[in-house]
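Note sheet for the following structure.
Throughout, read-outs are computed from the coordinates displayed, never taken from laboratory work. The model shown is predicted, which means the values in this text are computed figures rather than measured ones. Here the Cβ positions follow ideal geometry from the backbone for every residue, glycine too, while neighbour counts run over all protein chains shown.
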Amino acid sequence: MASPAISSPTPERRAREYETIYIMRSAVSTEEAKRINDRAREVIDSLGGVLLRVDNWGRRKLAYPIAKSSRGVFVYLRYAGFNDLVAELERNLRLLENVVRYQTVQLAPRVDIAALTADPEELKFAELEAAPEDDEPELAQRLGLVERPRHDSREEREGSGGGGGGDGDAEAAEDGPKAADDSGEESTPAAAAEASENQ
């Protein structure tokens, strides 16, 4: 006798709200940044998720160097989807050469994905401004092997300090270095010799 098949109820898939921030290399081109954003959108759409917001934060200084770079391009995504969506999105970001870091955080444990709508203005990917030419210092500069240019020279600092147009500095240089006598006053070697003859 055949036993009837016991059917277990299929577990309900819960949609959750997430945010992902990913960091791209600072030297990434505008076209490449757009391509990475389009790939993230495709992953979210293909797994039944809803993209709620895209925010391009632009080039920013990193807290610590990543892949020998001190700056990066930050992009914020807020979306709703199922738990397999996060794993697939992070897998795709990991495979992209220009993405150096990413992190996903769950915002809400249960959302009604059918009721969510997004403002089209919040889904536009802002264009990146052109990367500065000298954005990253060269290796020799980072290691301190190349002397940094100085903004003010020593002569300018000495000439601007004190009054009298610098004539006193020239006279002191002729007499030689100053020394302190017993009274604590500074004197030149010539003045010290003259004082010792008078005594």
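Can you list residues from other chains, or at least 5 along the same chain, whose modelled amide H is less than 5 Å from the amide H of Arg101?
Amide H to amide H, under 5 Å and 5 or more residues apart or across chains, Arg101 pairs with Ile23.
Taking one equal scatterer on every alpha-carbon of segment 26-80, how large is log10 of I(q)/I(0) by Debye at q = 0.15, 0.18, 0.22 1/Å?
For segment 26-80 at q = 0.15, 0.18, 0.22 Å⁻¹, log10 I(q)/I(0) is -0.51, -0.69, -0.88.
Work out how far the C-alpha atoms of segment 15-112 reach from end to end along every principal axis, then list the three figures in whole Å, largest first.
Ordered largest first, segment 15-112 gives principal extents of 41, 25, 20 Å.
What ranking of Glu122, Glu19 emerges when the number of other C-beta atoms within 10 Å of each C-beta is taken as an exposure proxy, fewest first?
Final ranking by Cβ density, sparse to dense: Glu122, Glu19.
Trypsin sites (Lys or Arg not before Pro) within segment 15-119: which are DSSP loop residues with at most 13 other Cβ atoms inside 10 Å?
Those that pass, being in a loop and sparsely packed, are Lys68.
Output wanted: per-residue J couplings in Hz (rounded whole) for segment 41-58, from phi through Karplus 6.51 cos²θ - 1.76 cosθ + 1.60, θ = phi - 60°, x for Gly and Pro.
Running phi through 6.51 cos²θ - 1.76 cosθ + 1.60 with θ = phi - 60° gives 4, 4, 5, 4, 5, 5, 9, x, x, 10, 7, 9, 7, 10, 9, 8, 7, x Hz.
Based only on other Cβ atoms within 10 Å, what is the fewest-to-most ordering of Leu145, Leu62?
Fewest-to-most Cβ neighbours within 10 Å comes out as Leu145, Leu62.
Size of the dipole of segment 15-112 about the Cα centre, Lys and Arg at +1 and Asp and Glu at -1 on the beta carbon, nothing else charged, in debye to 20?
580
Just want the ordering: Val54, Val75, from fewest to most Cβ atoms lying within 10 Å of their own Cβ.
Going from least to most buried by this count: Val54, Val75.
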